[in-house]
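Written below as structure tokens is the structure these notes are about.
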Amino acid sequence: MTADLECIDLEKRFGDTTAVDRVSFSVPQGSFFSILGPSGCGKTTIMRMIAGFLDPSDGDILIKGKSVLDVAPNKRPVNMVFQHLALFPMMNIADNIGYGLRRAGMGKAEISRKVDEALDRIGLPGIGARKVDELSGGQKQRVAIARCMVLEPDVLLLDEPLGALDLKLRERMKVELKALQSAFDTTFVYITHDQSEALVMSDNIAVMNEGRFEQVGTARDLYYRPDTAFVAGFVGDSNRWRGRVTKLDGQNLELQSDTGMPLRGAIQGRTLNLGDVADVFVRPEAIKIAHAKDDLSHFDNQLSGKVTSLLFNGAASRVIVATDTGHGEVEVNLPQSGEFADLVKGSDVHIGWGSDHGNCFAAEAS
Amino acid sequence: MIPSIPQPRFVTAAYTAYVTLFFVFLALPLIVVAVFAFNDSQFPSLPWEGFTWNWFFGSERPMIGVFHERGILSAIGTSVLVAMIVSAMSVFVGMTNAFLFNRYKFRGQSLLYVLMLLPLVIPGIVLGISILVFSSRVANGLWDGFSIDVEALRPGLWLVILGQFSFITTIATLVIGARLQKFDRTLEEAALNLGAGRLTAIRTVTLPYLAPAMIGAFVVAFLMSFENFNTTLMLVGSDAPLTIAMFDRLKEGSTPLLNAVSLLLMVGSSCLALVMIVFQRKS
Amino acid sequence: MRAEAKLGLALLLTPLLMWLSLLIFIPHVDVFLVSLRERVGVGQYQISFANYLTFFQEPLYLWTFLRTAVMSSLATVMTLIIAFPVSYYIAKMIKGRAQSALFLLCLVPFWVSELVRTFGWMILLRETGVISNVLQYLGLVDGPVEMLYNDGAIMIGLVYTSMLFMVVPLVTTLESLPDEVIEAGYDLGGNGISVLREIIVPHAMPGIVSGCIVVFMLSLGNYLTPTMLGGKESLWFTELIYSQFIVRFNWELGAAFGFMLLILSSAIVWGMLKLTGQSLEKTMG
């Protein structure tokens, strides 16, 4: 089976800068694919090339196995949900959704039937006569998707469409978008700089940085098995230490951080040699906190310290612990059982984690 | 059709050619006016008789230059005087109007706003005759009733000033109002909070913020007054402002003297425009 | 505080009301009253519609009136057609410095007086003018050609002189249309024509209306251009008003003419606003 969308060695240069650098990927039919990266990483450029608003400098874009490079944007079997949605303010909702059908030369009766069907599908029946600015943010969102979906595109492109919504609504729209995608059973390509959007909705995620894909994989892969230091740092929160490798032992290693803290971590199949400078990433939720040192005896990283800050944030509450040895500060998630609810600034605590939670990467020369 | 939508090359080329042609169309009349100011001939037309500065600095017949032509010089003076007074008046009233519409809510406000816009859609010549008719009725009434002759109400500079003021004020109101609209009221509240009185707050915070718009409105008003023709034509008395003076000469037949005056006007107003742009860049 | 606010309101209302009543409202009512006056003897007048009757019964007056209206409409349409592609180019095809430079270039000719611009066209178009000479030089014509003093010359002058007032509102409204919306139009299968018809023109409507209103007004009320470029036979309505007032000193008939011009322009402005569902505040303010 051919993939719905395939990019081969896609490249885009603007003058001397390379915005997209030999990127290849393929998206199977009916899946939700996200490109996640900081702003300016080139993800919007990829999307605009797929939609046909930019010509690639090199490489090819295939949709259902056929190159679309010579196909004008208005003839491509892809549609796009724009960042600010780009609903036509001069038309009502029904005319917005029917716009593409009118362009395709469909009869009036058929268009109005299809528009009603689409409005039902997005759960907004009977709003066809309303104006664009009478809708709420979430409703506009759904209309923008319906406007594309009535055309039954092979691929739907979404350019950070949740960016303009407030936090609560964004959380809800994530779930809703995923549901719409499986209801329409269409291939979605979604770009965002918000990792939680990508992690929640996607079947596959590409993490992009400086024009290149750092890693392509499932949300789990990216979170637990990052391939590169960039991915480890960009996806989720991490404590990060830089140090020099002092001991190698199979898949485990020891290193001494720049502040003198001894740390143990895992190589996960990467090449690191004795004396190399490396970065260790440890997620705050991988670190256990205890009142007694003995509770942590099974961890090969153990530290004692004092609480310097309490960051209460409901389920994601954290403390910052300064080590007694004076080597630095560690962010630690509090367990949700409430047993540490009595912590105050200055409390003595012990913390520890397994070396397999310490992802090590050779430090990039900087 | 925007740059991100691919277009056939000939379409883009034709489009660019059209826009270029448009700018040639815009520039052509001004260029010929400027070029013929230097023609060493009695007529601003071909053939080209050679280059001369005489239409600017010449002092002997038949080539009396702008700087020795008393009629033109005094007309320029009249125009400047009129424009100054009109601009000052309309900026002042424009500012009070802007505050009125921005800061107060009262009954009939929106109607008043529409009325305030009306001078823009009244033909200038109609504005001119209505002020002419009304002022002479008042003048006649004063003469018949009290034997007072008010010279200012007869065609002349004062009527010209009133006529121009009557529609330029709308423009000034719009320019100043647009900037006042963007003003962040909390700045004024901050000033009040820091111990300023209401008027002091406006004087020290709001007015400095409005200054660029006021200068902009003044320059626009100045230029509009300077080049006004229709309204002025109906109200002018014996001292003609420059546009009227030039019109009278043009009717008699043109010499490159008029080109020279026009070129000076172009240079003058370009400088004014430039000053304004530079000033607004800064703020 | 309330008393202070009231005082402030009164102080700010005074100049506005004085301006609008003394310079706009009362003078126009007065013109209307004068237009209803018929001279029956020396210094004796009576109220009648005689002046309006004269206007409607004298074919020359009525013809000039209609001709002015039609030619002004034509000039408005031509200005719109010429200005729209240029405004679109400035608003959407170019960005940054080039954009502001080109926009500024559009404004420059209008910093100088209409008289200078008209004078420029006279130098270009007249028998001994530049274009005539160039055509002779190129061998396209045998003798001098007079291109001045005809309706074509008036049209060129009117279109040229009003261009700015079309370009500025058009550029402003077109600029406010996000590129994204145009791209969405194409992305959903539209082509140049359908995007123009369904998206760009509806979006630009307020600009089109305000541009058209101002250009129409300026053409209708123009005196200089028809007189200078159209010559003695140009038959422009403002010339009739001028000659009644200044040359013949028949203010009553002149006032009636002026009032007719005011009614015509108001009717067209009002009709245009109604037709497109715009309001004066939105298009002018």
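Every read-out reported here was derived from the displayed coordinates using simple, explicitly stated rules and does not represent laboratory data. Just so it is clear, the model here is predicted, and its values are computed rather than measured. Positions of Cβ are backbone-derived with ideal geometry, glycine not excepted, and every protein chain shown enters the neighbour counts.
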Restricting the search to the stretch C:58-95, which residues are more than 14 Å from chain B (Cβ to nearest Cβ) and of a type in the set (Lys, Arg)? C:ARG67
Name the residues in the stretch B:26-48 that are assigned to a loop (DSSP other than H, G, I, E, B), surrounded by 12 or more Cβ atoms within 10 Å (Cβ to Cβ) and of a type outside the set (Phe, Trp, Tyr), would you? B:ALA37, B:ASP40, B:SER41, B:GLN42, B:PRO44, B:SER45, B:LEU46
Is at least one residue of the stretch A:39-57 touching a residue at least 24 places away in the same chain (Cβ under 8 Å), more than 18 Å from A:ASP9 (Cα to Cα) and more than 8 Å from every other protein chain (Cβ to nearest Cβ)? yes
Looking at the stretch A:305-346 only, could you name the residues that are hydroxyl-bearing (Ser, Thr, Tyr) and buried (at least 16 other Cβ atoms within 10 Å of the Cβ)? A:SER317, A:THR323
With a cut-off of at least 2 residues that are within 15 Å of the chain's Cα centre (by Cα) and in contact (Cβ under 8 Å) with a residue 60 or more places away in the chain, name the helices (runs of 4 or more DSSP H) lying wholly within the stretch B:182-263. B:207-227, B:230-235, B:242-252
Mind listing whichever residues of the stretch A:220-263 are without any contact (Cβ under 8 Å) to a residue 40 or more places away in the chain, among the small types (Gly, Ala, Ser) and in contact with a strand residue (DSSP E or B) (Cβ under 6 Å, 6 or more places away or on another chain)? A:GLY243
Scanning for something surrounded by fewer than 23 Cβ atoms within 10 Å (Cβ to Cβ) and among the aromatic types (Phe, Trp, Tyr), does the stretch C:222-245 turn up at least one residue? yes
Subset of the stretch A:88-136 (residues that are out of contact with any helix residue (DSSP H, G or I) (no Cβ under 9 Å at 6 or more places or on another chain) and among the aromatic types (Phe, Trp, Tyr)): none
All but one of (1) surrounded by 15 or more Cβ atoms within 10 Å (Cβ to Cβ); (2) away from chain C (no Cβ under 14 Å); (3) closer than 22 Å to A:ALA179 by Cα hold for A:PRO125; which doesn't? (1)
Is there a residue being surrounded by 19 or more Cβ atoms within 10 Å (Cβ to Cβ) and more than 28 Å from B:VAL275 (Cα to Cα) anywhere in the stretch C:106-116? no
From the set of residues in the stretch B:67-79 that are in contact (Cβ under 8 Å) with a residue 40 or more places away in the chain and in a helix (DSSP H, G or I), which is nearest to the chain's Cα centre (by Cα)? B:SER79
Which of the residues belonging to the stretch B:1-25 are surrounded by 12 or more Cβ atoms within 10 Å (Cβ to Cβ) and within 12 Å of chain A (Cβ to nearest Cβ)? B:MET1, B:ILE2, B:PRO3, B:SER4, B:ILE5, B:PRO6, B:GLN7
Among strands (runs of 3 or more DSSP E) entirely inside the stretch A:22-105, those with 2 or more residues being out of contact with any Pro (no Cβ under 9 Å at 6 or more places or on another chain) and surrounded by fewer than 23 Cβ atoms within 10 Å (Cβ to Cβ) are A:58-63
Output the number of the condition that C:GLY211 fails; it satisfies all remaining conditions of (1) within 11 Å of chain B (Cβ to nearest Cβ); (2) crowded, with 24+ Cβ neighbours inside 10 Å; (3) closer than 28 Å to A:TYR99 by Cβ. (1)
List the helices (runs of 4 or more DSSP H) that sit entirely inside the stretch C:174-239 and contain at least 3 residues that are among the acidic types (Asp, Glu) and more than 30 Å from B:THR231 (Cα to Cα). C:179-187
Filter the stretch C:27-51 down to the residues that are among the polar types (S, T, N, Q) and surrounded by 16 or more Cβ atoms within 10 Å (Cβ to Cβ), then identify the one that is farthest from the other protein chains (Cβ to nearest Cβ). C:ASN51
Evaluate the stretch B:87-103: report whether one residue or more is of a type outside the set (Phe, Trp, Tyr), more than 13 Å from every other protein chain (Cβ to nearest Cβ) and assigned to a strand (DSSP E or B). no
